[in-house]
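Following: one structure in C-alpha cells, then a few remarks.
The values are calculated or read from the model by the stated rules, or taken from the named source; none is laboratory data. Every value quoted in this text rests on a predicted model; they were computed, and no experiment measured them. Here the Cβ positions follow ideal geometry from the backbone for every residue, glycine too, while neighbour counts run over all protein chains shown.
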Amino acid sequence: MIKVLFVCIHNSARSQMAEAFFNHHATISHAASAGISPGKLNPYVVEAMQERGIDISNNQTKSVFNLYKEGNTYSHIIAVCDEASQKCPIFPGVHKRLAWSFSDPSELQGSHEEIMHEVRIIRDAIETKVLELLHEIGE
C-alpha cells in the first residue's frame, strides 16, 4: 500500500486539501498531512472543500515532527509549498520526495467572494496534481 504524507507550513490549507482529495479518490492507498508549525484550519478551505462534498471541518492540524518522532513511515513525502520542502525532516524508507508549490490561501486578501474565488483555483489545482499522482501510482 502507498502511504503519502502531504506537508506544508501550518497544515491549515494546502496539505489538508491534498490529504482529503487523495483519500477521497484512492482505493487502497492512504494519505496523511502535517505542518512544520501547525496552525488553525483555514475556514475558506473548509468551505471550498464542502463545495466539493468533502467535509474537513473536524480535521486537526498536526506536526510533521511529531509524526516523525512517532516512527510513522511513508512511501511518498510531498511538500505543497516551498518552505515546507526545505524544512521537512527526512523520514526513513521514503521512496519519493516531491515538491508541489501552491499559493498560500492564508495570504489571500479581499472580500469573501474574492478570497473564495482564489481558494477554489488552488483547490482545483491541488486536486489535479493528486489525480495525476494517483494515476502514476496505479490507483
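Computed values, structure above
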read-out	value
Some residue of segment 17-38 being under 24 Å from E139 (Cα atoms), in contact (Cβ under 8 Å) with a residue 60 or more places away in the chain, not in a helix (DSSP H, G or I) and not β-branched (V, I, T)	yes
Any chance S57 is more than 14 Å from I2 (Cα to Cα) and surrounded by fewer than 20 Cβ atoms within 10 Å (Cβ to Cβ)	yes
Scope segment 7-45; condition hydroxyl-bearing (S, T, Y), within 12 Å of V130 (Cα to Cα) and in contact with a Leu (Cβ under 7 Å, 6 or more places away or on another chain); matching residues	none
Hits in segment 1-60 (condition: among the β-branched types (V, I, T) and under 22 Å from D82 (Cβ atoms))	V4, V7, I9, I36, V45
Residues located in segment 46-93, provided they are at pLDDT 75 or above, over 15 Å from E19 (Cα atoms) and part of a loop (DSSP other than H, G, I, E, B)	E70, G71, N72, T73
Checklist (1) assigned to a helix (DSSP H, G or I); (2) farther than 20 Å from A34 by Cα; (3) touching a residue at least 12 places away in the same chain (Cβ under 8 Å) applied to E132, failing item	(3)
Test: residue in segment 112-130 that is in contact with a helix residue (DSSP H, G or I) (Cβ under 7 Å, 6 or more places away or on another chain), at pLDDT 90 or above, over 18 Å from L41 (Cα atoms) and not polar (S, T, N, Q)	yes
From the options H76, H95, residue that is over 21 Å from H117 (Cα atoms) and touching a residue at least 24 places away in the same chain (Cβ under 8 Å)	H76
Residues of segment 98-136 classified as of a type outside the set (S, T, Y) and surrounded by fewer than 15 Cβ atoms within 10 Å (Cβ to Cβ), total	14
Boolean, R97 is basic (K, R) and under 14 Å from R123 (Cα atoms)	no
Residue that is surrounded by the fewest Cβ atoms within 10 Å (Cβ to Cβ) [pool: residues in segment 8-27 that are modelled with pLDDT of 95 or more and of a type in the set (A, V, I, L, M)]	A26
